[in-house]
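See below for the structure under consideration.
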Amino acid sequence: MRKEYAIFDVDGTLADSMRYWDHLAEDYLGGLGIHASGEELAPIETMTMSESSAYFIHRYSLSKTPGEVMEEMFSLI
């Protein structure tokens, strides 16, 4: 049977993106000149991207929307 399309998930098989995800918050905030402590970042470990974006805006008084913060973080990944 001929197939036109196939989906292949390479993450975890041929590539490992976890090292980028593990440091995303630090890299994102660092790019804004913010050096967050481990204590400051601890709450986001159980948050979604949307929730952590709102947390960053509130915690660091960012003049951005959660959507803008998420877009900028996704661009780093």
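The values are calculated or read from the model by the stated rules, or taken from the named source; none is laboratory data. Since the model is a prediction, treat every value here as computed from it, not as a measurement. Here Cβ is always computed from backbone atoms with ideal geometry, including for glycine, and neighbour counts include all displayed protein chains. Side chains included, ligands, DNA and RNA excluded: accessible areas come from the protein's heavy atoms. Shrake-Rupley method; radii C 1.70, N 1.55, O 1.52, S 1.80 Å.
What is the residue count in region 15-48 for residues that are within 12 Å of Leu76 (Cβ to Cβ) and either under 13 Å from the mean Cα position of the chain (by Cα) or among the small types (Gly, Ala, Ser) (or both)?
Here is the first cut: in region 15-48, the ones within 12 Å of Leu76 (Cβ to Cβ) are 17, 20-21, 23-32.
If we keep only those that are either under 13 Å from the mean Cα position of the chain (by Cα) or among the small types (Gly, Ala, Ser) (or both) too, we end up with 17, 20-21, 23-31.
Result for region 15-48: 12.
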Within region 49-77, which residues are at pLDDT below 95 and β-branched (Val, Ile, Thr)? Ile77
Selection count where residues are open to solvent by 60 Å² or more (accessible area, probe 1.4 Å), among the hydrophobic types (A, V, I, L, M, F, W, C) and under 16 Å from Gly33 (Cβ atoms), scope region 58-77: 1
